[in-house]
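A short worksheet on the structure shown next.
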Amino acid sequence: MPDPMIEHLCPGRCGKQVPNRHLACPPCWARLPRALQEDVTRAYGRRRQDGAWPHIQAVSKAYAWYRNNTKEDT
């Protein structure tokens, strides 16, 4: 059983567990549009300066994209 403190289910609906430091597994991350990848990465790197809210917003947008774009759609 995966440890939720270490990993989470990939939002790309592939069924893989990914480390918490990653948003998605590599194939699902590659499906995410580049602009959303950049938003998540930038906000993650600036959490200490900008607080968690920009990162939460970027991740929420990425999760919404995955919900609306299944593997079959892309």
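List the residue pairs whose Cβ atoms are under 6 Å apart, where the first residue sits in region 44-65 and is farther than 13 Å from Leu23 by Cα, the second is hydrophobic (A, V, I, L, M, F, W, C) and part of a helix (DSSP H, G or I), and the two are 6 or more positions apart or on different chains.
Filtered contacts from region 44-65: Pro54/Ala43.
Kindly list, by first and then second residue, each pair from a residue in region 22-35 that is closer than 16 Å to His8 by Cβ to a residue that is β-branched (Val, Ile, Thr) and part of a helix (DSSP H, G or I), limited to pairs with Cβ atoms under 7 Å and residues at least 6 apart or on different chains.
Leu23/Val40; Leu23/Val59
This table checks each residue for (1) at positive phi; (2) among the charged types (D, E, K, R); (3) under 11 Å from the mean Cα position of the chain (by Cα).
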| residue | (1), (2), (3) |
| --- | --- |
| Trp29 | no, no, yes |
| Val40 | no, no, yes |
| Arg47 | no, yes, no |
| Lys61 | no, yes, yes |
| Arg67 | no, yes, no |
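Taken together, the values in this text are just the output of simple stated rules run on the coordinates, not laboratory data. This structure is a prediction, so every number in the text was calculated from the model and none was measured. Here Cβ is always computed from backbone atoms with ideal geometry, including for glycine, and neighbour counts include all displayed protein chains.
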